[in-house]
Amino acid sequence: MAGSNGGRIVAPPVPMTITQIAVVVADMESALRSYTENLGWGPWSVFDYKPPLLHDTVVRGEKTEFRMIGAETSVNGLGFELIQPVSGPSIYQEFLDTHGEGVQHIACMKHSTADSEALKEHWRERGAEILMGGRIGESIEFYYLDTSPLLKFVLESGSGHAIDLEPTYVFP
């Protein structure tokens, strides 16, 4: 059975703490206005993710270029992200095409490189392969794991969130 060792439960090598919840949207400006007006969330750090900022991108094992707009804010210490796919194949566009707008992934981030590699192995042993990944700037690695069969959601992990970087602009 995946995740067990002779009937023993084997926990991940590092604790998995939720750092962000992400929603895929079709129109970033409309979503930013709606979340700000209806929930009072913000300000939002908005990023135009495209090369050279976004690089080394892979979708289902194939080197693939994609572009997206992301907006991040903190809600009582928990990160919340809106993502609008712009071009190229991505799991964001697949989600939008299949399900429409909604919660696409939950992130457990900010691991060291060694922890990140250990977590990849932890999930690989459980059959959760990497769906998509890449790098943002020089400091951030991100990847999405196909944990849906085990957890009923896609898990994002890696070394950090872009909210720590200089945004393209801030909304409002």
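Read-outs: derived from the displayed coordinates by stated rules, not from any lab. Predicted model only: the values in this text are computed from it and were never measured. Glycine also receives a Cβ, built like all others from the backbone with ideal geometry; neighbour counts cover every protein chain displayed.
From the backbone phi of segment 58-68, what are the Karplus-calculated ³J(HN,Hα) couplings (6.51 cos²θ - 1.76 cosθ + 1.60, θ = phi - 60°) in whole Hz, Gly and Pro given as x?
9, 10, 6, x, 9, 4, 9, 8, 9, 10, 8
In whole Hz, what ³J(HN,Hα) sequence does segment 138-146 give by Karplus (6.51, -1.76, 1.60; θ = phi - 60°), x for Gly and Pro?
So the J values, rounded to whole Hz, are 9, 10, 10, 10, 9, 7, 10, 9, 7.
Is the chain rounded, prolate or oblate when judged by the Cα gyration tensor, a ≥ b ≥ c being the square roots of its eigenvalues, rounded requiring a/c under 1.5 and prolate requiring a/b larger than b/c?
Note, shape of the chain comes out prolate.
Along the Cα→Cβ direction, 7 angstrom out, place labels at D48 and R67. What is the inter-label distance in nm?
0.8 nm
Treating the angle as unsigned and between 0 and 90°, give the value, to the nearest 10°, between the Cα long axis of helix 113-125 and the longest Cα principal axis of the chain.
Taking the Cα atoms of the chain, the angle to 113-125 is about 60 degrees.
Given the Cα-Cα distance of L39 and N76 and 0.36 nm per residue of separation, how much length would full extension add, in nm? Working shown, then result.
Values: separation 37, 0.36 × 37 = 13.32 nm, distance 1.26 nm.
Length gained between L39 and N76: 12.1 nm.
Give the relative contact order (percent, whole number) for segment 16-163; include only Cα pairs under 8 Å separated by 6+ residues.
On the way: 306 pairs, mean separation 41.1, N = 148.
Relative contact order here is 28 percent.
Show me 63-72, 93-102 ranked by packing, highest mean number of other Cβ atoms within 10 Å first.
63-72, 93-102
I want the local charge near D27. Using Cβ-Cβ distances under 11 Å, sum +1 for each Lys or Arg and -1 for each Asp or Glu among the other residues.
Charge balance near D27 sits at -1.
S87 to E166: extension gain in nm, 0.36 nm per residue of separation minus the Cα-Cα distance?
26.2 nm
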